[in-house]
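Everything on this sheet refers to the single structure shown next.
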Amino acid sequence: QVQLVESGGGLVQNGASLRLSCAASGRTSSMSAMGWFRQAPGKEREFVAVISRIGSSTRYTDSVKDRFTISRDNAKSTVYLQMNSLKPEDTAVYYCAARLNGIGIVSTDYRYWGQGTQVTVSS
């Protein structure tokens, strides 16, 4: 089993930056790619970013490209999401997730999930 705990969310103004962290514990050696998803009120959970096991490959949803950066530190079993130039439409609960193999954007392919951290961007 793997446990994921997100942190770093909060209330910020339009244009501000935040860095989310996701600390993994347990059988972290079983993890492959790790991703970030988000869910806004009344909307479905959507893919935000994913990073491969060794960090050599990343993917982003179009709406966050050039603003968000995903990274990971395997020595610390932690994945990060640096969010710059935040917009009100980025407001959502952000979830960290880990999958056992491959790299992709489909949420049902992810085995482990964190509890989420709220990000609110005011206009």
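Here, each number is a calculation from the coordinates, and none is a lab measurement. Note that this is a predicted model, so its numbers are computed, not measured. Cβ atoms come from the backbone with ideal geometry, glycine included; neighbour counts cover every protein chain shown.
Other residues whose C-beta falls under 11 angstrom from the C-beta of ALA98 contribute a net charge of +4, scoring Lys and Arg +1 and Asp and Glu -1.
Taken along the Cα-to-beta-carbon direction at a fixed 7 Å, the label points for GLN118 and ASN84 span 2.8 nm. For the chain, just say rounded, prolate or oblate: build the C-alpha gyration tensor, square-root its eigenvalues into a ≥ b ≥ c, call rounded for a/c under 1.5, and beyond that prolate if a/b exceeds b/c, oblate if not. Prolate, because a/c is 1.5 or more and a/b exceeds b/c.
Relative contact order, percent, of the chain when contacts are C-alpha pairs under 8 Å separated by at least 6 residues?
With pairs under 8 Å counted, the relative contact order is 36 percent.
A simple rule links phi to the HN-Hα coupling: the Karplus curve 6.51 cos²θ - 1.76 cosθ + 1.60 with θ = phi - 60°, which for the stretch 69-86 gives 9, 9, 8, 8, 10, 5, 5, 9, 6, 9, 10, 10, 9, 7, 10, 10, 6, 5 Hz, with x for Gly and Pro. Simple rule: put +1 on each Lys or Arg Cβ and -1 on each Asp or Glu Cβ in the stretch 31-123, find the dipole, and look at PHE37, LEU86, CYS96; the Cα lying farthest toward the positive end is CYS96.
Here each label is just a point 7 Å from Cα along the line to Cβ, and for ARG19 and SER71 those points are 0.7 nm apart.
What the phi angles of the stretch 32-47 give under the Karplus curve with 6.51, -1.76 and 1.60, with θ = phi - 60°, is a coupling list of 10, 5, 10, x, 10, 10, 9, 9, 8, x, x, 10, 6, 5, 10, 5 Hz, glycine and proline written as x. A Förster radius of 22 Å combined with the Cβ-Cβ distance from GLN39 to VAL5 puts the calculated FRET efficiency at roughly 0.80.
Here the Karplus curve 6.51 cos²θ - 1.76 cosθ + 1.60, taken at θ = phi - 60°, turns the phi angles of the stretch 50-66 into couplings of 9, 9, 6, 3, 9, x, 7, 9, 9, 9, 9, 6, 4, 5, 10, 4, 6 Hz, with x standing for Gly and Pro.
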